[in-house]
Amino acid sequence: MKLNLKRPLAFFDLETTGVNIASDRIVEISILKAMPDGTEQIKTLRINPEMAIPLESSLVHGIYAEDIKDQPTFKEVAKELADFMDDSDLAGYNSNKFDIPMLMEEFIRAGVDFDLEHRRFVDVQNIFHQMEQRTLRAAYQFYCGKTIENAHSAEADIKATYEVLLSQLAKYENVEWEDKKGNKSIPVKNDVDSLHNFTNLSRPVDFAGRMVYNEHGVELINFGKHKGKCVEEVFQMEPSYYSWVQKGDFPLYTKRCMEKIWIRWNGKKERLKIETQTRLSIDQRSSQVVKPQPSPQPREEAKPINSDMLEQLKMKFGK
């Protein structure tokens, strides 16, 4: 089966020093770029994480310090990777919760702008978990009838993920699915928009899941004491919350998303302040009553001089 694509879909997988999005680093990245014409491009790079690789991580993916000591740092390859995926939607296995936020951390640290605003995201694990509830190894066996060779190498895993999606599209074509509210639909379609919607049911704002959208597109806090509250309402109640997040051990992309909401919220406050001041000024001007000035008193008309008046003047001045 061939993917029905309007733009490239970049499947990617990361091997890392650990699973902490904020503090761990990438040691290998493999990207399979599926093109609308059916062709594929693969790019695999090993990366010097500039930190120690814990033994427990090396035992999983098989990459040790001596394997990557002469490899480039992420900052040195960040622009190359961003350019390779620049025109693509993104796909992977558990990519929404791990690979995308981890990749964004590295891009931000490297100072490379990689915009997620207008991309689609297809998380193959979400299709699998919502339809069958299995791991990647089990998914590959279940859908493709194969065993992954060199499991936990980025390239082997991402090739398996790509094959699993193609098999899922074939298996679930016209298969009805029912959500928790009892709504029925046929969600698994050979269309990236449909796959994006089905694999992003939690509607995360920042992919790490610290913030999510509600059904009206409003950002909500998704952890801690303010869980379920509108982010802007939290800013109103507790303005120091923003500073606490920015200084805390949160992923850089989470901080960037919250910063955008903070800037938007402050803009609303400033506009409201200006509107309120303008309205008060208008009300004050309209309430001032202009007192009418008293009309000038009419002058008495001059009387004509007569002989009696002359006599009185003579007597007054002794003339």
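The values are calculated or read from the model by the stated rules, or taken from the named source; none is laboratory data. Keep in mind that what you see is a predicted model, and the values were worked out from it rather than measured. Positions of Cβ are backbone-derived with ideal geometry, glycine not excepted, and every protein chain shown enters the neighbour counts.
Results, tabulated for the structure shown:
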read-out: Residue in region 3-16 that is in the same structural domain as residue 123 (by TED's automatic domain parsing) and without any contact (Cβ under 8 Å) to a residue 60 or more places away in the chain present; value: no
read-out: Residue match in region 136-145 (condition: under 28 Å from the mean Cα position of the chain (by Cα) and modelled with pLDDT under 95); value: yes
read-out: Index of the failed condition, residue 215 passing every other in (1) assigned to a loop (DSSP other than H, G, I, E, B); (2) within 13 Å of residue 262 (Cα to Cα); (3) acidic (Asp, Glu); value: (2)
read-out: Some residue of region 199-215 being surrounded by 13 or more Cβ atoms within 10 Å (Cβ to Cβ), more than 16 Å from the chain's Cα centre (by Cα) and touching a residue at least 60 places away in the same chain (Cβ under 8 Å); value: yes
read-out: Residue count for region 53-76, restricted to those that are assigned to a loop (DSSP other than H, G, I, E, B) and of a type in the set (Lys, Arg); value: 1
read-out: Qualifying positions in region 156-195 - polar (S, T, N, Q) and in contact (Cβ under 8 Å) with a residue 12 or more places away in the chain; value: 161, 167, 168, 174, 190
read-out: Residues within region 27-73 that are touching a helix residue (DSSP H, G or I) at 6+ places or on another chain (Cβ under 9 Å) and within 30 Å of residue 6 (Cβ to Cβ), tallied; value: 13
read-out: Residue 149 touching a strand residue (DSSP E or B) at 6+ places or on another chain (Cβ under 9 Å) and either in contact (Cβ under 8 Å) with a residue 12 or more places away in the chain or surrounded by fewer than 22 Cβ atoms within 10 Å (Cβ to Cβ) (or both); value: no
read-out: Region 189-219 - residue that is under 24 Å from residue 6 (Cα atoms) and among the hydroxyl-bearing types (Ser, Thr, Tyr) and, of those, modelled with the lowest pLDDT; value: 199
read-out: Subset of region 160-190 [surrounded by 15 or more Cβ atoms within 10 Å (Cβ to Cβ) and not in a helix (DSSP H, G or I)]; value: 172, 177, 187, 188, 189, 190
read-out: Test: residue in region 147-158 that is in a loop (DSSP other than H, G, I, E, B), modelled with pLDDT of 90 or more and under 30 Å from residue 28 (Cβ atoms); value: yes
read-out: Failed criterion for residue 62 (all others in (1) at pLDDT below 95; (2) small (Gly, Ala, Ser); (3) surrounded by 15 or more Cβ atoms within 10 Å (Cβ to Cβ) hold); value: (3)
read-out: Neighbours by Cβ (under 9 Å, 6+ apart or cross-chain): first from region 49-69, within 22 Å of residue 110 (Cα to Cα); second part of a loop (DSSP other than H, G, I, E, B) and among the hydroxyl-bearing types (Ser, Thr, Tyr); value: 49/17; 51/17; 51/23; 52/17; 53/17; 53/64
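A quick yes/no check of all residues on (1) part of a helix (DSSP H, G or I); (2) in contact with a strand residue (DSSP E or B) (Cβ under 6 Å, 6 or more places away or on another chain); (3) surrounded by fewer than 17 Cβ atoms within 10 Å (Cβ to Cβ); (4) not basic (Lys, Arg):
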residue: 109; (1), (2), (3), (4): yes, no, yes, no
residue: 115; (1), (2), (3), (4): no, no, yes, yes
residue: 119; (1), (2), (3), (4): no, yes, no, no
residue: 122; (1), (2), (3), (4): no, yes, no, yes
residue: 125; (1), (2), (3), (4): yes, no, no, yes
residue: 128; (1), (2), (3), (4): yes, no, no, yes
residue: 138; (1), (2), (3), (4): yes, no, yes, yes
residue: 141; (1), (2), (3), (4): yes, no, yes, yes
